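Reviewing the structure listed below.
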Amino acid sequence: MGPIKIFDTTLRDGEQSPGVNLNQLEKLEIAKQLERFGVDIMEAGFPASSKGDFEAVRNIARTIKNVSVTGLARAKKSDIDIAWEALKDADEPRLHIFLATSPIHMTHKLKKTPEEVIQTAVEMVTYAKQKFPHVEWSAEDATRSDRAFLATIVEKVIEAGATVVNLPDTVGYTTPEEYGALFRYMRKHVPNIDQVALSAHCHDDLGMAVANSLAAVENGATQIEGTINGIGERAGNAALEEFAVALNIRQDKYPYQTNLRLKEIKRTSDLVSKFSGMAVPANKAVVGRNAFAHESGIHQDGVLKNASTYEIITPELVGVQSNNLVLGKHSGRHAFKDKIEQLGYKLADDKVSEAFQAFKQLTDRKKEVTDDDLFTILIDVQTNI
Ligand code: KIV
Ligand code: ZN
């Protein structure tokens, strides 16, 4: 099996984060960075949703040449036609059509019978294939759908020409065990499933989007969808940087590759955060400000002796320059001495002890001690005869 394909939807599902509205230039800048990051497919937007999104998708399709560009469409001829106009200049025009398959969605939203849903899906995939060489079909709310029905409709859309089938956990409801079982079921019960890429698309409502994506690859998914920093509708999508680093660090458990360049992670995360206006929480895995920061004395001492004691990911792997030993009330003498040496001070042991005591007193009043605070302490200690 080749590398797991990475389908980035920062510019579509990510932009569906409440309060996020990217303009055309911002979308293009993010698209260029996603290309540097090495995603295989980028969903540039939903062309039928607005004139601005149409133009942004068309602009990206014309500019980005090393990544396959796609756009979203409802299962409607008019959406497919508009998407074609936006994507036809791409090197490899690709469409993403979705239609819900769960009883809840079919009854209350679509007001269609399961037979009508199959018919619409097949008709729209057939229609799209007249123009697009690649058509991804998504069974919206797949994880709350009847499995046997899902297997039937998936088989039929593949016969109609779909080249990718996606099984989204639209409402972030599933668990890793259940999602893995869904992929196994599809591999076993859909006779033509090997003709297509099988994709996972997870939302994070219960905080399991990345775990579910990992379960999907273990059980036969060949494509993973997600966003940078996990932004997206409601609680967001699977964070691609977390998924990619988990694969890299746990090759023993997940022996799969991607085409991603992990060193671009930090830069990509920063850019998306800046343009989306969505700050990355300090404790966010992989890209949070504290992901490589150590505060407790015991941890700092361990890291100074050997970083692998408390760091499973090296900062360099994801494009962060170095780890950060934060000087605060839990810091020990070892980290303190290391820090003052970095600031250019070589003190005798008794002076280090004196400075360390002054530093400890300060930490009762201040959460984080800055370089300026240290300079003040060190000057005091040096002039204290
Ligand atoms: O979460 C979802 O179901 C989606 C579809 C449009 C694929 O984003
Ligand atoms: Zn989604």
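The values are calculated or read from the model by the stated rules, or taken from the named source; none is laboratory data. Treat the numbers as computed from the prediction; the structure is a model and nothing was measured. Glycine gets a Cβ as well: all are built from the backbone with ideal geometry, and neighbour counts include every protein chain shown.
Observations
- Whenever a residue of region 136-164 is within 13 Å of VAL122 (Cβ to Cβ), its partners that are at pLDDT 95 or above and among the basic types (Lys, Arg), lying with C-beta atoms within less than 6 angstrom and at least six residues away or across chains, give the pairs GLY161/LYS129.
- Residue count for region 37-55, restricted to those that are buried (at least 16 other Cβ atoms within 10 Å of the Cβ) and either within 14 Å of ligand 2 (Cβ to nearest atom) or assigned to a helix (DSSP H, G or I) (or both): 9.
- Hits in region 320-352 (condition: hydroxyl-bearing (Ser, Thr, Tyr) and either exposed (fewer than 12 other Cβ atoms within 10 Å of the Cβ) or in a helix (DSSP H, G or I) (or both)): SER322
- Qualifying residues in region 56-74 (those that are within 17 Å of PRO133 (Cα to Cα) and within 16 Å of ligand 2 (Cβ to nearest atom)) - the one surrounded by the fewest Cβ atoms within 10 Å (Cβ to Cβ): LEU72
- Under the condition of being away from ligand 1 (no atom under 14 Å from the Cβ), within 24 Å of GLU115 (Cα to Cα) and not in a helix (DSSP H, G or I), the residues counted in region 156-197 number 7.
- Taken over region 1-32, residues that are part of a loop (DSSP other than H, G, I, E, B), under 12 Å from GLY232 (Cα atoms) and touching a strand residue (DSSP E or B) at 6+ places or on another chain (Cβ under 8 Å) amount to 5.
- Filter pass, PHE149 being among the aromatic types (Phe, Trp, Tyr), farther than 29 Å from ALA90 by Cα, modelled with pLDDT of 95 or more and away from ligand 1 (no atom under 13 Å from the Cβ): yes
- Any hit, region 18-41, residues being touching a residue at least 24 places away in the same chain (Cβ under 8 Å), within 16 Å of ligand 1 (Cβ to nearest atom) and more than 19 Å from SER273 (Cα to Cα): yes
- Candidates PRO93, PRO18: the one that is within 24 Å of the chain's Cα centre (by Cα) and within 16 Å of ligand 2 (Cβ to nearest atom) is PRO18.
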